[in-house]
Each structure stands twice: as C-alpha cells, then as structure tokens.
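One structure below.
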Amino acid sequence: MARLPYLDAEALAEADRDLLTRPINLHRALVHSPNAARAFLGLGQFIRHQSRLDPRLRELAILQVGWLARSPYEWSHHVKIGLGFGVSEADIHALIADSAGKPCDLDLPARQVLAAAREITRDGALGAAGYAALAVHFDAERLTDLILTISFYNAVVRVLASLEIDVEPEYRPYLERFPLPAR
C-alpha cells in the first residue's frame, strides 16, 4: 500500500491537471508536489521521446535497472513499454541470463549497455573501461543520454520503493510472464 494517497486530476489545481495526462500510480503520488512532478516528468518525457538513443537499447537499460532493484513497478511498466519499443521476449530472457552471468544472444552493444546499467546501479558510477567500451558504439550525445537514462531510472526505482507505489492491475500480467527473482 502506497505511503501517500493517489490523487486524481480533480484534486489538483487546474494548472496542474496536465500532470495526470497519464494517470499511473507513480504520477498520482508525485503530484502531491506539482513542481517536483513537473520536473520529474519532464526528464522522463525527454528520455522517452526526445533522446537520440536507440529506443530498444534505452528500454534494455531501464529494464536492467528495474531487474537489479527488484522493482515490480519499474519492471512491469518497462516490460510493457519495452515491448512497444522493439524489445522482444527473447531480449528480456537474454537480459535475465546476462544478469546472471550466463551466455545470451544479445549483440555486443546491447550487452555493453546492460553491463553499464549494472555498473552504474551497483557502483554508483561507470568506470573507465565501461565508458571506453560504450564509446566505440555511441557518440557523445547518445553516451550522455544513456548515462542520464540509467542514472534517472536508478532514482525512479528508489522513489517507487520509498513511496511503496503499487503496481496497477493492468501491469501485473507482465510480472507473471517475466517474474522477478525473490529478494
């Protein structure tokens, strides 16, 4: 159960109702602070709709963060979103295998994106070797967008966990199809 009540658009000032254009539970909790929600959603919108990073690789990076954090909300939402942006079921199974150190069929750039997401998530930064490996495949803009995406979603999973945001019923089937391991 969430620590804050989920607000509906009617509970907001008219000028803030646009914050719930997509009324998912995370947004419905964040609107307790409309200015913070606006800043948060702005970066999320940039990542999803304006970044020049390949959408499939972006979603694999986000999924890796959700997997490592054991975040049911992040994982379920981005399984659905990822499937719409070119992530295949085989990619999701490969991410799970790669996370466990097992062989997988992902191409080298995808494996390096997952490795970078693991390193940033676990160590708090991307080291020189990981950066150099990515720089072979990505220009400075895409590298910046990738690191920003991974870092932002590390913040997102912490917000989700701290506010105890509930997974909406329509996203629960994704957890059944691709279950997270127990903590």
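Just so it is clear, none of the values below were taken in a lab; they were calculated from the coordinates. Please read all numbers here as calculations on a predicted model, not as lab measurements. Methodologically, a virtual Cβ is constructed for each residue, glycine included, from the backbone with ideal geometry; neighbour enumeration extends over all protein chains shown.
Remarks
- A Cβ-based charge dipole, computed about the Cα centre of the chain with Lys and Arg at +1 and Asp and Glu at -1, lands at about 320 debye.
- Cα-based shape type of segment 56-119, given that a ≥ b ≥ c are square roots of the gyration tensor eigenvalues and the cut on a/c is 1.5: oblate
- Residues TRP67, TRP75, sorted so that the one with the fewest Cβ neighbours within 10 Å comes first: TRP67, TRP75
- Total charge dipole magnitude, segment 1-50, about the Cα centre, Cβ charges on Lys, Arg, Asp, Glu only, Debye to nearest 20: 260 debye
- If you take all other residues with their beta carbon under 13 Å from the beta carbon of PHE138, and give Lys and Arg +1 and Asp and Glu -1, the sum is -1.
- FRET efficiency for ASP107 and VAL159, using Cβ-Cβ distance with R0 set to 35 Å, rounded to 0.05: 0.65
- Rounded, prolate or oblate (a/c below 1.5 giving rounded, otherwise prolate when a/b exceeds b/c) for the chain by Cα gyration tensor: prolate
- Between LYS80 and HIS32, the contour length at 0.36 nm per residue exceeds the alpha carbon distance by 14.7 nm.
- Summed side-chain charge close to ILE165 - residues other than ILE165 whose Cβ falls under 15 Å, Lys, Arg +1, Asp, Glu -1: +1
- Inter-centroid distance (Cα atoms) of segment 1-68 relative to segment 87-156, Å: 22 Å
- Options LEU114, VAL87, SER76, ranked by Cα towards positive dipole end of segment 54-177, top entry (Cβ charges): LEU114
- Here ALA100 and ALA2 are evaluated by their C-beta separation; at R0 = 41 Å the FRET efficiency comes out at 0.85.
- For segment 95-141, the square roots a ≥ b ≥ c of the C-alpha gyration tensor eigenvalues yield an a/c of 1.5 or more together with a/b not exceeding b/c, which makes the shape oblate.
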